[in-house]
Structure formats: structure tokens, C-alpha cells
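Q: First the structure, then my questions, so here it is.
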Amino acid sequence: MGFSFAWKQRKRFTAFIDLLIIGVLGSAIYLIAVFTTAHELIDNWTGNRRFLGLELDELVVVFAFLGIAFSIFSIRRWNELHHETIKREESEKKLLEQENKFRDLVEKSLAGVYLVQNEIFRYVNPELANLFGYTANELIDRKGPADVVLPEDWPLVKENLQKRMSGEAGSIHYSFRGVKKNGEIIYVSVYGSRTLYHGRPAVIGTLLDITERKLKAEALRQNEERIIRQSCELEAMNVELMTLHKVTSAISHKLDRQSLFKNILNAITELDIIKVKRQAGIFIVEGDRLNLVAHLGHPKAFLDMHENMTVNDCLCGLAARTGEIVVCKDFHADRHHTIQYPGMESHGHIILPLKTADKVVGVLYLYLPPHAEVGESILTTLGTIGNQIGIAINNSMLYEETRELSLHDPLTGLANRRMMGIVFERSIARARRFGSSFSIIMLDLDNFKKYNDTHGHPEGDRLLVEVARMLSEEVRDLDLVARYGGEEFLILLPETDLKIACKVAERIRKSVETKTAITLSLGVTSCYPGIQSMKDFIKEADDALYQAKQKGKNRVEVAEPGLVGG
């Protein structure tokens, strides 16, 4: 705008100078014509002739003035035109140089350059043509952006072209997916703005192939997602390991079943990964029966209704049968929850099968708040916990079985000498501390070798089992019958004096004589305050037994009182 104003001022100044020159020139000619002999010469030449009512001498002066003025203005105009021509030629030369430089720059550019008008390429540089696998001639005035844009992205590209063509947006930068001549898909970043081409709106801009950058960014994004996913998995694994450690620590040091069950229920109901009620229990699978061996927070009505559970009953039976975790959001709406009692509060369940080597050894049930959600990761962790508990319970059962075998005679099921020794020491200690009585009976089957030789060893074993059963039936629950060795048995009678012990021995002798094909010889002795040695105590009973054998067998002999305890 400042340039236009300066140009107008210059034109006005030039016009003013021209008028000034004409005025000065006219005045000079007039003065010459009037005050010099030139006027007389003109007057003599023209005489009194007139033209169009004017004297001819005046017309000569006027024409002379006009001729001189025209000559001056013509020369001035020619100079201006010559000057303008030179300037235009210089401008065109510079413009051509700039155009050549621009075209050279565009042709050698590493970015694709395009000019679009009416959705047709009016110009593309070699880089853009090569970008899409074409030559420039194949694109210019032949194809348009729609031919090199993925159809799914064309609406976006078309909208942006229209915005620039209409002047709604002066310059736009965005990206889209392009399609090369061979069908390969590439990612393209485009910069474009509005321009005029042959006096009509067009769009000019540049394209960059960002496929490699896009793929790297996508790979980076996938790596970040993988790292985040692995981080979450590690965190979940850490929670699972901590949970397993907590449960394992609670159960790993307990082999006796009652302590084990108590620790399991306490540990599982205190886990942080899931909020459960302080109500839970453990069933052990015994054939087709479920035996409730431990529980938390149940009323008597619950225990009574679950007393004769089988694997076909309720949700716990379902878990025992299928070996799968059972989740129940509300027992009212679950048809498998068949055992209910009046006053039962609304609740949900998680029921874990307790496995070892794919065998279900038990079921652990937990109470949930109604409609509580349980995530897949929690179920996975609980499944692992169930397997750990199953192994622990199986080990406990094996321990109990091994312990039972280590303390009992495998043939008769009676206590063996090891268990007898434990109870013996405890009974002697109690008798010594409280001054109570304690008696023992040692007995032996008469002529058992002959019976074995006559009837065979299997029949002899059967006879030993039968006698063991009869001995157990003839004594109290607090008494202990032990197989001492071979056909010898020892009976411990706590809180029993010598007189009562003799009556027990006689009752046993008569029962065996009456009900079996064999007789017994028995020796009885009693412990009084002051007795110290189990070995001496047993020797007294053994000596009494020896006396019974010597005196004809099938009898009861009592150790000399003076020999016992000193």
C-alpha cells in the first residue's frame, strides 16, 4: 500500500512539471513573437490572411508552440517508454532466473511438490511421482489425489483440499495413507496452502514419506504397550507370589491335620487379593462322602445340615465332582445351592477343589458378599492356592498314615512297642507325680507255635487278630493294649491298682478260653509311688508271666509286691 501511494505521488509531480514546462515554453514563444522582429517577419509572410476567422500569424505562433510542445512531450514519452522497456526486460529476466532457480530447486527437492486444481495434478515434481511409483507425465493432467490416496482416507483429503480451495483454511498440515502404483500402502505427511494458477484457485504443497517414521512409532508404541503389559503381569505375578508365600508359610510347617486346617482357614480368609467373609470351611473327600473337618463362623444348624454330605450335594459337591472352581454370586439364584436353612444370610461363594496329582482330596469353600465380582487373575491365583493346599492336605494325610503305622502293629492294629513306650513313660510320670496307681498285664498265647504248625501261619495270624480284638473289648478307652512281640501282648492300666488289675486279667483269660481255640498265660504287677524304671517294671510282669507258664499255663500270676518299686 505504501508503494502504491508513492507511485501516485510521483505521477502527480511529473504532471505538474510537464504543465510548468508548457507554461514556460508558451510564455517564451509569446514574448519572442511580440517583442522581437520575429513577429514582424511572420506578419509580413502571412499578410492579412485569415483561417477560420483567426489571423494566420497568430495560428503560426500557436502551431509553432504546439509543435515544439509535442516534440518535447514525445521525446519525454519515448524516454519513459524506453526506460520502462529496459526495466520490464530486466524484471522478466530476473523473474525467469528466479523461476528457473525455483523449478530447479523443486525438481531436485527431496520432498514431493504438487499443484492441484479441480482435483487434478497440474504439476508434480519427480520426487512426488517417484513417491507413488509413477512418472511425472503419468500424473500431470491425468490423475488426481484420489488416485494416490487410500479410499478410506480420501474423505479426509478431499475435505482439506476443499477447505484450502475455498479459502476457509489458508494452510493445513495433516497425514494420510497413500497407495503406490503397485498397491503398496505408505504413510504420507502433507503441507498445503491456497494459491492461484492461471488466475484460478489451486492448492500447492509438499508431501513427505513418513512410512518408516510411522512404522518406528508404531513399533515403539507396541513396545511401550508390551512393557506396560509385562509390568502389569509382573505386578500380578508378584501379588500372586506374595499370596502363595503367605499361604504356603501358613501351611508348610504343620503336618498334624487339625493345626493344618486351622492355619489354612485363617490364612485364606485374611488374603488381600479378595475380600471374603470370616466364614469358611474344608471338606475332605472320603469315597463319595464329604466330611467337614474344619470351619469358621457357622451355627449349629449349618453343621447339622452338612453332617451327611456327599459329592452329589450342593456347590461343594459340584466342585468335588468336576475338579473346577465354582463361583456363585448369590446362593438364592443358584440352583446348585441345594442346602439351605432358615435365617441363612444372603451371600456368594468361591469353592476351590483341593487337588494333588489331578485327584480331588478336599474342597475349600469361602463366603463372599452378595454379587461380588471375582477377576480371572484372582481365580487363577486361588486355583494355584487350591493345589498347594491339596498337596499340604495329602502330605498331612500321608503323615497321619505313616505316624499311625509307626505307632501301631500292622497286623493287629494295636499299639506297637514304640507307642507303648511313649504311653508307658507318661503313665509312670503321672503315677509318680500324683501318687496314683498304675498296673500292667503281660500275656502270652499258650502253645501258639504248635497251633501255627498245625493250622498254618495265615490261620495263626487270624487268631492273633481275633485275640487282639477281644483284648481291646475287655479294657477301658483310657487303657492301652500293645503287641509286645510275636504272640506276647502288654496291657497298660492307668489309675488301676493290683487287685483290679488281677480281676481284669482273669476276665480276659476266661473270655479267650471260652471263645477261641487257645488259652492265655498272664502276669500282673502294679506300680506304686517310688517306681522309677519302665524296664524293671516290665520285667516284674514278665517274671510273673513266666511263673504262670511254669505252673501249667492258662492262669494268672501276680508279681511279688516286695519286688516292685523296691
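The values are calculated or read from the model by the stated rules, or taken from the named source; none is laboratory data. As the structure is a prediction and not an experimental result, all values here were calculated from the model. Virtual Cβ from ideal backbone geometry, glycine too; neighbours counted across all protein chains shown. We work out accessible area using only protein heavy atoms, side chains counted, and drop any ligands, DNA or RNA first. Shrake-Rupley method; radii C 1.70, N 1.55, O 1.52, S 1.80 Å.
Q: In region 552-566, which residues are open to solvent by 40 Å² or more (accessible area, probe 1.4 Å), at negative phi, modelled with pLDDT under 95 and in a loop (DSSP other than H, G, I, E, B)?
A: GLU560 - this is the single residue of region 552-566 that is open to solvent by 40 Å² or more (accessible area, probe 1.4 Å), at negative phi, modelled with pLDDT under 95 and in a loop (DSSP other than H, G, I, E, B).
Q: Looking at VAL157 and the list (1) at pLDDT below 90; (2) outside any strand (DSSP E or B); (3) open to solvent by less than 50 Å² (accessible area, probe 1.4 Å), which single condition is not satisfied?
A: Only one criterion in (1) at pLDDT below 90; (2) outside any strand (DSSP E or B); (3) open to solvent by less than 50 Å² (accessible area, probe 1.4 Å) is unmet by VAL157, namely (1).
Q: Yes or no: region 353-367 includes at least one residue that is surrounded by fewer than 22 Cβ atoms within 10 Å (Cβ to Cβ), out of contact with any helix residue (DSSP H, G or I) (no Cβ under 6 Å at 6 or more places or on another chain), under 24 Å from GLY297 (Cα atoms) and of a type in the set (A, V, I, L, M).
A: no
Q: Hey, another quick one. Residue pairs, Cβ under 9 Å, 6 or more apart or interchain, first in region 448-463 and in contact (Cβ under 8 Å) with a residue 60 or more places away in the chain, second open to solvent by 30 Å² or more (accessible area, probe 1.4 Å) and of a type outside the set (D, E, K, R). List them.
A: Listed by first residue and then by second, the contacts come to PHE448/GLY486; TYR451/ALA517.
Q: Same structure, new question: Go through region 351-391 and report how many residues are assigned to a helix (DSSP H, G or I) and out of contact with any Asp or Glu (no Cβ under 6 Å at 6 or more places or on another chain). Quick ask: steps written out before the conclusion?
A: Keep residues of region 351-391 that are assigned to a helix (DSSP H, G or I), which gives 376-391.
If we keep only those that are out of contact with any Asp or Glu (no Cβ under 6 Å at 6 or more places or on another chain) too, we end up with 376-380, 382-391.
Of the residues in region 351-391, 15 are assigned to a helix (DSSP H, G or I) and out of contact with any Asp or Glu (no Cβ under 6 Å at 6 or more places or on another chain).
Q: Mind counting the residues in region 178-212 that are at negative phi and surrounded by fewer than 13 Cβ atoms within 10 Å (Cβ to Cβ)?
A: The number of residues fulfilling the criteria is 6.
Q: Something else about it: Which of the residues spanning region 213-233 are open to solvent by 90 Å² or more (accessible area, probe 1.4 Å) and of a type in the set (A, V, I, L, M, F, W, C)?
A: LEU215, LEU220, ILE227, ILE228 - these are the residues of region 213-233 that are open to solvent by 90 Å² or more (accessible area, probe 1.4 Å) and of a type in the set (A, V, I, L, M, F, W, C).
Q: All but one of (1) modelled with pLDDT under 95; (2) buried (at least 19 other Cβ atoms within 10 Å of the Cβ); (3) in a helix (DSSP H, G or I) hold for LYS535, so report the exception by its number.
A: Evaluating LYS535 over (1) modelled with pLDDT under 95; (2) buried (at least 19 other Cβ atoms within 10 Å of the Cβ); (3) in a helix (DSSP H, G or I) leaves (2) as the failure.
Q: Suppose the filter is surrounded by fewer than 20 Cβ atoms within 10 Å (Cβ to Cβ), in contact with a helix residue (DSSP H, G or I) (Cβ under 7 Å, 6 or more places away or on another chain), aliphatic (A, V, I, L, M) and outside any loop (DSSP other than H, G, I, E, B); does VAL293 pass it? Even if it seems obvious, please write down each step before you answer.
A: Details: surrounded by fewer than 20 Cβ atoms within 10 Å (Cβ to Cβ): yes; in contact with a helix residue (DSSP H, G or I) (Cβ under 7 Å, 6 or more places away or on another chain): yes; aliphatic (A, V, I, L, M): yes; outside any loop (DSSP other than H, G, I, E, B): yes.
Yes; evaluated as a whole, the condition is true for this residue.
Q: Same structure, new question: Is it true that some residue in region 488-499 is on the phi > 0 side of the Ramachandran plot and assigned to a strand (DSSP E or B)? Show your work before the answer.
A: Pass one, region 488-499, residues on the phi > 0 side of the Ramachandran plot: 495.
Filter once more, keeping what is assigned to a strand (DSSP E or B): none.
Checked against the condition, which is being on the phi > 0 side of the Ramachandran plot and assigned to a strand (DSSP E or B), region 488-499 yields no hits at all.
Q: Only one of (1) hydroxyl-bearing (Ser, Thr, Tyr); (2) at pLDDT 90 or above; (3) out of contact with any Lys or Arg (no Cβ under 8 Å at 6 or more places or on another chain) fails for THR519. Which number is that?
A: THR519 satisfies all of (1) hydroxyl-bearing (Ser, Thr, Tyr); (2) at pLDDT 90 or above; (3) out of contact with any Lys or Arg (no Cβ under 8 Å at 6 or more places or on another chain) except (3).
Q: If you don't mind, another one. Within region 193-220, work out how many residues are of a type outside the set (Val, Ile, Thr), without any contact (Cβ under 8 Å) to a residue 40 or more places away in the chain and closer than 20 Å to PHE132 by Cβ.
A: 4
Q: Any idea how many residues of region 480-509 are free of Cβ contacts under 8 Å to residues at least 60 places away in the same chain, touching an Asp or Glu at 6+ places or on another chain (Cβ under 7 Å) and crowded, with 19+ Cβ neighbours inside 10 Å?
A: 3
Q: May I ask you to list the residues in region 113-142 that are of a type outside the set (A, V, I, L, M) and surrounded by 17 or more Cβ atoms within 10 Å (Cβ to Cβ)?
A: Those that are of a type outside the set (A, V, I, L, M) and surrounded by 17 or more Cβ atoms within 10 Å (Cβ to Cβ): TYR114, GLN117, PHE121, ARG122, TYR123, ASN125, GLU127, PHE132, TYR134.
Q: Okay, moving on. Scan (1) surrounded by 19 or more Cβ atoms within 10 Å (Cβ to Cβ); (2) under 60 Å from the mean Cα position of the chain (by Cα) for the single condition ASP477 breaks and write down its number.
A: (1)
Q: Given the condition farther than 19 Å from VAL113 by Cβ and basic (Lys, Arg), answer yes or no: does some residue in region 192-199 qualify? Please lay out each step first, then the result.
A: Quick first cut of region 192-199, residues farther than 19 Å from VAL113 by Cβ only: 199.
Checking which are basic (Lys, Arg) leaves us with none.
Scanning region 192-199 turns up no residue that is farther than 19 Å from VAL113 by Cβ and basic (Lys, Arg).
Q: Name the residues in region 427-440 that are assigned to a helix (DSSP H, G or I) and either touching a strand residue (DSSP E or B) at 6+ places or on another chain (Cβ under 9 Å) or open to solvent by less than 20 Å² (accessible area, probe 1.4 Å) (or both), would you?
A: Correct list: SER427, ILE428, ARG430, ALA431, ARG432.
Q: So which residues in region 122-150 are closer than 17 Å to ILE204 by Cβ and part of a helix (DSSP H, G or I), if there are any at all?
A: Matches in region 122-150: PRO126, GLU127, LEU128, ALA129, LEU131, ALA136, LEU139, PRO145.
Q: Report yes if some residue within region 144-153 is loosely packed, with under 14 Cβ neighbours inside 10 Å, closer than 16 Å to GLU119 by Cα, without any contact (Cβ under 8 Å) to a residue 24 or more places away in the chain and not aliphatic (A, V, I, L, M); otherwise report no.
A: Here is the first cut: in region 144-153, the residues loosely packed, with under 14 Cβ neighbours inside 10 Å are 146, 151-152.
Subsequent filtering for residues that are closer than 16 Å to GLU119 by Cα retains 146, 151.
Those still in the list that are without any contact (Cβ under 8 Å) to a residue 24 or more places away in the chain too: 151.
Of the ones still in play, those that are also not aliphatic (A, V, I, L, M) are 151.
Yes, region 144-153 contains a residue that is loosely packed, with under 14 Cβ neighbours inside 10 Å, closer than 16 Å to GLU119 by Cα, without any contact (Cβ under 8 Å) to a residue 24 or more places away in the chain and not aliphatic (A, V, I, L, M).
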